[in-house]
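A short worksheet on the structure shown next.
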Amino acid sequence: MRKIEVVKANEVEVKPFILDDFNQNKAKSSTMEKVSKKELKSLAKKLGLDYDDKQIAFAKKLITAYVSAQR
């Protein structure tokens, strides 16, 4: 059985619910500004993907545009 405490309405503190106070992922993704070709090449090597300079340049432009649109 649970204990219940009865309080008056003026004893209750009411605060607005702000979702961003509980969302930690948004802060991490918004700190990223640019992606370098070197980072993309190392990631492609780590994942075992074949690539060339045109693909890396396209991916860099695409990711940079996506990140700037998310702000």
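The values are calculated or read from the model by the stated rules, or taken from the named source; none is laboratory data. Note that the coordinates shown come from a computational prediction; the quantities given were computed from them, not determined experimentally. Because the Cβ atoms are built from the backbone with ideal geometry, glycine has one as well, and the counts that use them run over all protein chains shown.
Quick grid of which residues meet (1) part of a helix (DSSP H, G or I); (2) touching an Asp or Glu at 6+ places or on another chain (Cβ under 9 Å); (3) among the aliphatic types (A, V, I, L, M); (4) modelled with pLDDT of 90 or more:
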{"position": "34", "(1), (2), (3), (4)": "no, no, no, no"}
{"position": "39", "(1), (2), (3), (4)": "yes, no, no, yes"}
{"position": "42", "(1), (2), (3), (4)": "yes, no, no, yes"}
{"position": "46", "(1), (2), (3), (4)": "yes, no, no, yes"}
{"position": "50", "(1), (2), (3), (4)": "no, no, no, yes"}
{"position": "58", "(1), (2), (3), (4)": "yes, no, no, yes"}
{"position": "61", "(1), (2), (3), (4)": "yes, no, no, yes"}
{"position": "64", "(1), (2), (3), (4)": "yes, yes, no, no"}
{"position": "68", "(1), (2), (3), (4)": "yes, yes, no, no"}
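Taking the residues in the stretch 1-29 that are within 25 Å of residue 70 (Cβ to Cβ) and among the aliphatic types (A, V, I, L, M) as candidates, determine which candidate is modelled with the lowest pLDDT.
27
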